[in-house]
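I'd like to ask some things about the structure below.
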Amino acid sequence: MCATHLAADILIRTKRTIRIQGGLGKKPVLSIIWDGSARYLLLYILGCIVGNRPNMEFVILHINSGCNHQDSPSNQVPFPSGITIREEYLQYEHITEVVTSSGSDRIVQALTLDDEAEQVLSSLLSGDCCSLICSDQTFPVPCLTPLREIPYTELMMVADYWGVPIQEKKGEESDIRKIVTDLTNNHPSLPFSLLNYRDRLCELGKNQI
């Protein structure tokens, strides 16, 4: 698939995931956790999706990190003119306060298919079954992961096409990530199977409450 068609396909899949997870909310504010190798691409994709909405604001949450202007999205991601960027630097324990005061009713994370599969396999191998059913992160509003079904390799392929930087993974891969990568080379459906497994467990967990 060429970059043009792959980019269009990624937008379609991202929009579908957002719909499944409840949509982007009714307020013209989105809080975006600034973490993950695909964070710039996530920001660009969100801009494509909501670019026609009037007076949209993206609140970038730099959690537990110092002020690093080199990692600011303002000058690295092309945005529609109607979108305003605001950056907040905070400790994790203050996330409820910051998100509530921002007026946003959705938090967005840049977790890719690879990230999600790694989390599931890590929970399975460690025996931490609770994290498969209930997230260990508590947010004041629903948290969306629009890139959860997009492989990192596909995002790398469209980064140049969109003119958006994608951050190379820093340091060595974890052992779990290496296992996921090696198994996926021979079984491309593995990450999706891990995701479906967790989603099914979550549904069963909700039915027991």
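The values are calculated or read from the model by the stated rules, or taken from the named source; none is laboratory data. Keep in mind that this is a model prediction, so the values were computed, not measured. FYI the Cβ positions are ideal-geometry reconstructions off the backbone, even for glycines, and counts take in every protein chain you see.
Can you go through 164, 158 and tell me which one is assigned to a loop (DSSP other than H, G, I, E, B) and either loosely packed, with under 12 Cβ neighbours inside 10 Å or of a type outside the set (Asp, Glu) (or both)?
Working: 158 fails: assigned to a loop (DSSP other than H, G, I, E, B).
After ruling out the rest, the residue left standing is 164.
So which residues in the range 123-155 are crowded, with 18+ Cβ neighbours inside 10 Å and among the polar types (S, T, N, Q), if there are any at all?
123, 145
Keeping to the range 14-24, report how many residues are assigned to a loop (DSSP other than H, G, I, E, B) and either within 11 Å of residue 108 (Cβ to Cβ) or hydrophobic (A, V, I, L, M, F, W, C) (or both).
Adding up the residues that qualify gives 2.
Got at least one residue in the range 41-60 being within 24 Å of residue 95 (Cα to Cα) and either in a loop (DSSP other than H, G, I, E, B) or small (Gly, Ala, Ser) (or both)?
Yes; the residues of the range 41-60 include at least one that is within 24 Å of residue 95 (Cα to Cα) and either in a loop (DSSP other than H, G, I, E, B) or small (Gly, Ala, Ser) (or both).
Right, something else. Taking interchain pairs and intrachain pairs at least six residues apart, which have beta carbon atoms under 6 angstrom, with the first residue in the range 5-17 and of a type in the set (Val, Ile, Thr) and the second loosely packed, with under 15 Cβ neighbours inside 10 Å and not in a helix (DSSP H, G or I)?
Correct list of pairs: empty, since none qualify.
Could you list, in sequence order, the residues of the range 1-32 that are within 20 Å of residue 75 (Cβ to Cβ) and modelled with pLDDT under 95?
Step one: filter the range 1-32 for residues within 20 Å of residue 75 (Cβ to Cβ), giving 30, 32.
Once the filter is applied, which keeps residues that are within 20 Å of residue 75 (Cβ to Cβ) and modelled with pLDDT under 95, the range 1-32 yields nothing.
Each row is one residue, and each column tells you yes or no for (1) surrounded by fewer than 16 Cβ atoms within 10 Å (Cβ to Cβ); (2) within 30 Å of residue 196 (Cβ to Cβ); (3) over 19 Å from the mean Cα position of the chain (by Cα).
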{"site": "45", "(1), (2), (3)": "no, yes, no"}
{"site": "54", "(1), (2), (3)": "yes, no, yes"}
{"site": "60", "(1), (2), (3)": "no, no, no"}
{"site": "77", "(1), (2), (3)": "no, no, no"}
{"site": "81", "(1), (2), (3)": "yes, no, yes"}
{"site": "95", "(1), (2), (3)": "no, yes, no"}
{"site": "99", "(1), (2), (3)": "no, yes, no"}
{"site": "103", "(1), (2), (3)": "yes, no, yes"}
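Quick check on this structure: which one of 203, 154 is out of contact with any strand residue (DSSP E or B) (no Cβ under 9 Å at 6 or more places or on another chain) and modelled with pLDDT under 90? Give the derivation first.
Details: 154 fails: modelled with pLDDT under 90.
Criteria check complete, one pass: 203.
Let me ask something else about it. What tally of residues in the range 92-133 results from selecting those that are in a helix (DSSP H, G or I), more than 16 Å from residue 191 (Cβ to Cβ) and not acidic (Asp, Glu)?
Total satisfying the criteria: 13.
So for the range 25-33 (the condition being without any contact (Cβ under 8 Å) to a residue 40 or more places away in the chain and either under 14 Å from residue 107 (Cα atoms) or part of a strand (DSSP E or B) (or both)), does at least one residue qualify?
At the first step, the residues of the range 25-33 found to be without any contact (Cβ under 8 Å) to a residue 40 or more places away in the chain are 28.
Applying the additional criterion that residues be either under 14 Å from residue 107 (Cα atoms) or part of a strand (DSSP E or B) (or both) yields 28.
Yes, the range 25-33 contains at least one residue that is without any contact (Cβ under 8 Å) to a residue 40 or more places away in the chain and either under 14 Å from residue 107 (Cα atoms) or part of a strand (DSSP E or B) (or both).
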